[in-house]
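Structure first, then comments.
The values are calculated or read from the model by the stated rules, or taken from the named source; none is laboratory data. This one's a predicted model, so the numbers in the text were calculated from it and none came from an experiment. We place every Cβ from the backbone using ideal geometry, glycine too, and count neighbours over all the protein chains shown.
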């Protein structure tokens with residue numbers, strides 16, 4: 001994936017902002033760390049593994 | 001995957017595309033389950049022949065290995081360094097293409113390494129308490145991949161899709177580095193949770 005050099009930045013259409021946020025690496029990282037913290041605090045191995053599974057699927061937008 | 005399972009490419013209506021997303025998720029789920037089946041058999045054999053401690057040690061060793069890859073891209077890992085073959089989308093209809101892409105990606109090891117969390121969560125699955133928990137985890141894996149596809153829907157015109165994907169997947173090297181660190185932290189948390197029987 002490469003940046004589209006002819007795309008004006010930042011996007012202004014709500015759908016672009018929303019979809020961009022959905023695959024933004026900072027959002028993915030922060031959401032994952034927040035969920036992991038909750039899962040560890042709750043003492044649930046299932047929740048920890050589930051967070052890892054969702055994260056690895058979600059973050060695949062950023063495969064090399 | 002985003003440029004192959006997309007209404008701007010397949011020219012299908014949005015309703016039909018929703019079906020394609022379900023087809024993709026089904027493909028991911030089926031082959032991820034198959035991969036787990038192989039890992040589950042291996043895990044059972046190791047536990048039965050030697051002991052649970054060895055499987056735990058193997059999970060720790062592999063988690064360290066793939067986390068090293070997260071940190072340093074030259075560490076070799078058993079993933080094929082290729083994408084899903086292009087001929088699939090030129091040969092099959094959109095719903096079939098979506099299923100086959102999902103099936104290819106669901107295995108995990110047939111395409112490029114993304115993050116070490118994949119290997120770690122797969123190897124940790126045998127530690128979960130029930131089959132319903134395992135299926136739930138695999139469903140979440142498939143759902144995570146679907147977020148990527150749905151977020152790439154950007155109209156039904158190819159040029160518009162490319163332009164708007166530029167907005168959405170605008171490359172952020174610092175963000176990707178943060179994702180790699182997050183992957184290492186997630187693998188560590190998974191290992192901690194299974195070793196301490198959370």
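Determine whether residue A:38 is modelled with pLDDT of 95 or more, more than 7 Å from chain B (Cβ to nearest Cβ) and either closer than 15 Å to residue B:161 by Cα or surrounded by fewer than 21 Cβ atoms within 10 Å (Cβ to Cβ) (or both). So residue A:38 fits the description; yes. Residues in the stretch B:129-169 that are at pLDDT below 85, more than 8 Å from chain A (Cβ to nearest Cβ) and part of a helix (DSSP H, G or I): 4 in all.
Is it the case that the stretch B:73-85 has a residue that's touching a helix residue (DSSP H, G or I) at 6+ places or on another chain (Cβ under 6 Å) and part of a helix (DSSP H, G or I)? Checking the stretch B:73-85: not a single residue is touching a helix residue (DSSP H, G or I) at 6+ places or on another chain (Cβ under 6 Å) and part of a helix (DSSP H, G or I).
Whether any residue in the stretch B:36-44 is closer than 17 Å to residue B:102 by Cα, more than 14 Å from the chain's Cα centre (by Cα), free of Cβ contacts under 8 Å to residues at least 60 places away in the same chain and assigned to a helix (DSSP H, G or I) is what I want to check. No - not one qualifying residue is present in the stretch B:36-44. Residues that are facing chain B (nearest Cβ under 7 Å) and out of contact with any helix residue (DSSP H, G or I) (no Cβ under 7 Å at 6 or more places or on another chain) within the stretch A:41-64 comprise A:43, A:44, A:63, A:64, listed in sequence order.
Against the list (1) touching a helix residue (DSSP H, G or I) at 6+ places or on another chain (Cβ under 7 Å); (2) farther than 16 Å from residue A:50 by Cα; (3) part of a loop (DSSP other than H, G, I, E, B), the condition residue B:112 fails is (1).
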